[in-house]
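The values are calculated or read from the model by the stated rules, or taken from the named source; none is laboratory data. For clarity, every value in this text was computed on a predicted model and none was experimentally measured. A quick note on method: Cβ atoms are made from the backbone with ideal geometry, for glycine too, and the neighbour counts reach across all protein chains shown. Side chains included, ligands, DNA and RNA excluded: accessible areas come from the protein's heavy atoms. Shrake-Rupley method; radii C 1.70, N 1.55, O 1.52, S 1.80 Å.
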Protein chains: 2
Amino acid sequence: MTYCVAILLPEGLVLASDTRTNAGVDQVAVFPKMHVFEVPGERVITLLTSGNLAITQSVVNRLREAVRTGADKTLETAASMFEAATLVGDEIRAAFERDASHLKNQNSEFSANILLSGQIKGEAPRLFHIYSAGNFIESSDETPYFQIGETKYGKPIIDRVVNHKSDMMDAVKCVLISFDSTIRSNLSVAAPIDLMLYHTDSFNADSRQRITEKDEYYTTIRQGWSDGLKKVFSALPNPTWTFDK
Amino acid sequence: MTYCVAILLPEGLVLASDTRTNAGVDQVAVFPKMHVFEVPGERVITLLTSGNLAITQSVVNRLREAVRTGADKTLETAASMFEAATLVGDEIRAAFERDASHLKNQNSEFSANILLSGQIKGEAPRLFHIYSAGNFIESSDETPYFQIGETKYGKPIIDRVVNHKSDMMDAVKCVLISFDSTIRSNLSVAAPIDLMLYHTDSFNADSRQRITEKDEYYTTIRQGWSDGLKKVFSALPNPTWTFDK
């Protein structure tokens with residue numbers, strides 16, 4: 001499985017992805033699911049991927065090949081993030097044409113979900129969720145974040161503390177707690193976590209961090225959250241209904 | 001959808017189920033998913049049900065019919081909870097034989113998950129999870145609780161605070177928080193919540209409560225939990241990594 005989150009805030013983007021892949025419980029590996037396209041000073045575009053690894057890797061590779069060979073339209077030349085999302089969606093559709101019937105022969109499903117986000121000079125930062133069908137939706141003030149992969153365990157905490165005006169460091173804290181809840185509950189999601197902050201109008205992709213399980217700050221957050229929850233829980237009153245014994 | 005939880009503790013059982021059913025978003029209704037079989041002073045057996053409502057209702061109805069008509073083996077005569085679980089599993093299998101092909105004709109899946117728990121004189125209280133295939137597993141010290149339906153949103157809090165020696169009232173608090181997290185995230189799970197406490201060796205099923213959204217204690221718990229989480233969150237330190245800007 002996979003867990004990726006992307007949050008769009010006034011200060012910029014908070015992006016995170018786990019690195020575990022598995023093809024059955026007996027085939028577990030570490031692969032990055034965060035892919036960055038950068039033209040320093042002009043654009044930063046990041047893809048977070050989930051689904052069939054062969055499909056998402058082929059999509060990312062072909063997007064890179066297009067840049068390398070100077071194709072007509074690429075993530076480095078797209079005029080807007082909307083155009084970039086369309087390119088990625090088209091690449092997913094091309095992968096479907098190429099692979100879907102062969103996957104079906106092996107009883108494998110065609111699945112690829114991608115969170116595309118970033119900023120191209122002339123636009124504000126934007127965030128899109130691109131589906132296996134190649135179509136996509138964009139985030140909004142009411143829904144400033146997207147998740148893909150194993151989304152449920154880590155959703156309640158984001159819903160409770162993040163909104164479209166949240167402080168960026170609060171969002172980082174929240175994302176790490178969200179990952180902790182997910183990793184505790186689903187063995188197929190695991191650290192290291194790739195974290196990227198994109199600061200609005202910076203047009204550089206340097207704020208990246210690979211967070212291992214032993215990372216000091218991650219450990220502090222996990223422990224502090226766990227202890228804090230238990231304290232809040234203990235302080236809640238017992239039921240006041242009368243129960244027969 | 002549905003959300004049901006059952007926890008087995010030294011003091012007894014904590015059982016809870018939501019009451020929302022839906023056949024599409026345009027057909028939402030309230031149905032109880034908690035079904036109690038009681039022989040006062042001798043046994044209490046409770047079923048929490050999820051899946052296709054027509055299937056689970058037919059299973060429960062046939063189990064009741066068996067009691068009414070004095071059938072050979074019933075939930076009121078089963079010698080052990082294991083035998084009771086076998087009876088329920090057999091009833092699910094009979095429903096499959098009767099209904100599955102007809103459901104398939106309508107592109108409907110055969111699905112029925114049941115949490116069976118209770119106590120029969122001569123045994124300690126026991127808890128089983130019975131699957132659509134009619135087979136089942138029993139809880140253990142390491143896994144003293146089962147969930148069915150929309151399980152993920154509400155799982156992290158149970159994993160953090162409940163174990164097989166937990167205090168019963170702590171488990172009640174925890175279950176209500178777990179329901180709150182689920183109800184906030186999934187529209188197809190909703191109050192009122194049916195809550196039942198079974199006290200070990202009481203052999204009566206009187207400790208039941210229907211909890212509406214406006215229930216004073218439920219409101220206190222939800223508010224206290226939400227406020228507490230936010231406080232814990234705010235108190236956590238910001239990241240210590242250096243990020244480029």
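Points worth noting:
- The residues of the range B:3-232 have, on average, 42 Å² of accessible surface per residue, using a 1.4 Å probe with all protein chains present.
- Summing charges over neighbours of residue A:189, with a neighbour being any other residue whose Cβ is under 9 Å away from its Cβ, gives -1 when K and R count +1 and D and E count -1.
- Lys/Arg +1, Asp/Glu -1 at C-beta; the range B:3-232 dipole; positive extreme among B:187, B:59, B:169: B:187
- Ascending list, in nanometres, of distances separating the residue A:57 label from those of the other copies (7 Å, Cα toward Cβ): 5.1
- Rounded, prolate or oblate (a/c below 1.5 giving rounded, otherwise prolate when a/b exceeds b/c) for the range A:3-233 by Cα gyration tensor: oblate
- Placing +1 on the Cβ of every Lys and Arg and -1 on the Cβ of every Asp and Glu, with nothing else charged, gives the protein assembly as shown a dipole about its Cα centre of roughly 80 debye.
- Element breakdown for the protein assembly as shown at a 1.4 angstrom probe: carbon and sulfur atoms account for 49% of the accessible area.
- Straight-line reach from residue A:33: taking Cα to Cα under 30 Å and skipping same-chain neighbours fewer than 8 places apart, the lysines in range are A:73, A:104, A:121, A:152, A:155, A:165, A:173, A:214, B:152, B:155, B:245.
- Placing unit charges on the Cβ atoms only, positive for Lys and Arg and negative for Asp and Glu, gives the range A:112-245 a dipole magnitude near 380 debye about its Cα centre.
- At full extension, residue B:167 and residue B:105 could sit 17.5 nm farther apart than now, given 0.36 nm per residue minus the alpha carbon distance.
- Candidates B:28, B:232, B:60, ranked by Gaussian network fluctuation over chain B, Cα under 10 Å, top entry: B:232
- Test item: Cα-centred dipole of the range B:3-232, Lys/Arg +1 and Asp/Glu -1 on Cβ, debye: 500 debye
- Expected 222 nm ellipticity per residue - DSSP helices of 4 or more, -39500 (n - 2.57), all of chain A, to 500: -12000 deg cm²/dmol
- Helices in chain B that qualify as membrane-span-like (whole DSSP H runs, Cα extent of at least 24 Å along the helix axis, mean Kyte-Doolittle hydropathy of 0.5 or higher) are B:168-185.
- Gain on full extension, evaluated as 0.36 nm per residue between residue B:29 and residue B:240 minus their Cα-Cα distance, stands at 71.0 nm.
- Delta accessible area of at least 50 Å² on complex formation, residues of the range B:200-229, 1.4 Å probe, chain isolated as reference: B:209, B:217, B:225, B:229
- Solvent-accessible area lost on pairing A with B (1.4 Å probe, both sides summed) amounts to about 4800 Å².
- Sorting A:189, A:67 by solvent-accessible area of protein heavy atoms yields A:67, A:189, largest first, with a 1.4 Å probe.
- Here is the list for the range B:70-178: GluC sites (Glu not before Pro) lying in DSSP coil, each with at most 13 other C-beta atoms within 10 angstrom of its C-beta, are B:109, B:123, B:142.
- Buried on assembly, the range B:163-191 (at least 50 Å² less accessible surface than by itself, 1.4 Å probe): B:169, B:173
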